[in-house]
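The values are calculated or read from the model by the stated rules, or taken from the named source; none is laboratory data. Fair warning: this is a prediction, and the values are worked out from it, not measured in the lab. Neighbour counts are summed over all protein chains in view; Cβ atoms, including those assigned to glycine, are modelled from backbone coordinates with ideal geometry. Heads up: the accessible areas ignore ligands, DNA and RNA and are worked out on the full protein's heavy atoms, side chains in. Shrake-Rupley method; radii C 1.70, N 1.55, O 1.52, S 1.80 Å.
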Amino acid sequence: MSTVMNIPPPGPYHSLMDITPRPDVVFVGGQGSWLTDSEGRSYLDFIQGWAVNCLGHSPQPIIQALASQAAKLINCSPAFYNEQMIRLAELLTRHSGLHQVFLANSGAEANEGAIKLARKWGAKHRDGAYEIITMDHGFHGRTLATMAASGKPQWEQLYPPAVQGFTKVPLNDIDAVKTAINSRTVAVMLEPIQGEAGVFEATKPYLRALRALTRERGLLLILDEIQTGIGRTGRLFGFEHAEIIPDIMTLAKGLGGGVPLAALIAHRDVCCFEYGDQGGTFCGNPLMAAVGCAVIEELTKPGFLDRVVRTGDYLAGRLRTLSRKYGYGEVRGMGLLLALDLRWDIAAEIVDLARTRGLLINGPRPDSLRFMPALTVTDEEIDRMIEILDNVLQEVSARRAGNAG
Ligand SMILES: Cc1ncc(COP(=O)(O)O)c(C=O)c1O
C-alpha cells in the first residue's frame, strides 16, 4: 500500500517514465547558446545538456561530421576495426599521454569499465586486491557499481544489495586516504572537480600527493574527467592543472559534444583486459567516433582553450560582482565550470524564475547555482545572462524581504 502512495503524480506526457520533475516546456530547436521551445520562446542555455554541448547547440563541425559519416558508414560491429574509432583513439592517446582507449556510450559505462579494469589489474598484479577508495559526495554514474562508487548518502539504501568494494573518504584529506588503504586496496578514484556535488575542487597539492601516494603504494589513480575533461576547465583535461598524469581516465559529456560517446583511457601497463572481458554493441561505432574526432580537432585548434580560460575568467568576475551586490558567497570552479554560493537555500526558486525569464541555469545544491555554458559562449551572452540573473535575484531578494517583514 505504502509503495503505491509514494509513486509521484505523473507528468503531462504519460508514455514517458516519470523519473524527474521536468518543467512543462518542450524544446524543439537549438543554436549555439540558445534553445527554442515549441511555443517559439528562446532560452539562453547555461546548462548545455549538463556540460555536454561543448561547442553549443547544433555546431557546424558536429553537423558536418554526422552528415558525412552517416553517408559513409553508420555502424559495422565492435568486433571489426573502423576508421573513426582508430582516429579517435589516436587523438585521445596523443593528447592525454595515456596509451590505450576503450570507447563507450555514457560516463557511467566508461567508469564501470574503469572499475572492471582496476579489478582485473588487481587480480593479476596485486594478489586479488579489488577495493577502490572513492570520495564522499563524488558522482560517478547510475549503474549499480558506479552508484556504489559515488558518495551520495541517499543512494546507499537504494536498490539493495549495493555493489561491494568501495571505501569513502573526505575530499582533500590525504591522511584519510592513507588510513583507508589496506591489502585489498587496488585504486583511488575521484573527480578533479566534483561537479554534481556543487563544484568542489580537488586541490592541486592534494592531487599531487595522491599521485605520489598511489605510486608509492603500487595503487592505481583513476580520474573521472567526465565533467572536467574536454576543455571544460580551460585545459583539455583537468589533471593538467596539477601537472600529474593518472593511470586511468574516463571521459564522456563534452567528448561527444551532445551525442552519446565516452572513453576509458589507460596507461599501457594497466591495460590487461583479455578477450571477452569488456565490450558493448555500440562501443566504438563510427558515427559517434567521427563526432568525437571533430570535437577534439576543434578544441585543439590554436587559441581555443586560451579563449575558454579568458571567457571563464570573465564569467567568474561578473558572478563575483553579482555575489557582492547580494551578499552571497564565493564563486567556485575553473574555466567554464563555475558555481555561485548563495548562502541561503534559494537555488530552486532562482532556477525556476530564471527559466520563466528565458535563462537556463542549474542548482546542484539547494544553496548553489552552477554555470556550464558552451565553451564557445561569447562575452555578450555572458552579459545577457548576468542581466537576466540580476533581475531574478532582485525579485527573489524582494520576496525574501517581504516574507521576513
Ligand atoms: C563526474 C561524472 N561522472 C560520471 C557521470 C555519469 O555520466 P553519464 O550520465 O553519461 O552516465 C557524470 C554525469 O553527470 C559526471 O558528472
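Laid out as a table, the results:
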| read-out | value |
| --- | --- |
| Heavy-atom accessible area per residue - the chain, 1.4 Å, Å² | 47 Å² |
| With every protein chain in place, the chain: carbon and sulfur % of accessible area (1.4 Å) | 54 percent |
| Linear extension gain, ARG343 paired with ARG320, 0.36 nm per residue minus alpha-carbon span | 6.9 nm |
| Beta bridges per DSSP with both ends in the chain, % antiparallel, nearest 5 | 65 percent |
| Charge tally in the Cβ shell below 12 Å around GLY30, where Lys, Arg are +1 and Asp, Glu are -1, GLY30 excluded | -2 |
| Extension gain (nm, one decimal) between THR203 and THR378, 0.36 nm per residue minus Cα-Cα | 60.2 nm |
| Residue with peak Gaussian network fluctuation, the chain [Cα springs, cutoff 10 Å], from ALA202, ALA339, ALA70 | ALA70 |
| Residue among GLY256, GLY358, GLY231 with the largest mean-square fluctuation in a Gaussian network model of the chain, springs linking Cα atoms under 10 Å | GLY358 |
| ARG400 paired with LYS152, simple spin-label distance in nm, labels 7 Å along Cα-to-beta-carbon | 2.6 nm |
| Distance (nanometres) between label positions extended 7 Å along Cα→Cβ at ASP127 and ASP269 | 1.9 nm |
| Top of SER42, SER33, SER183 by mean-square fluctuation, Gaussian network on the chain, Cα under 10 Å | SER183 |
| 222 nm mean residue ellipticity, helices alone, for the chain (DSSP H n ≥ 4; -39,500 (n - 2.57); rounded to 500) | -12000 deg cm²/dmol |
| Simple spin-label estimate for SER42 and THR179 in nanometres, 7 Å along Cα-Cβ | 5.5 nm |
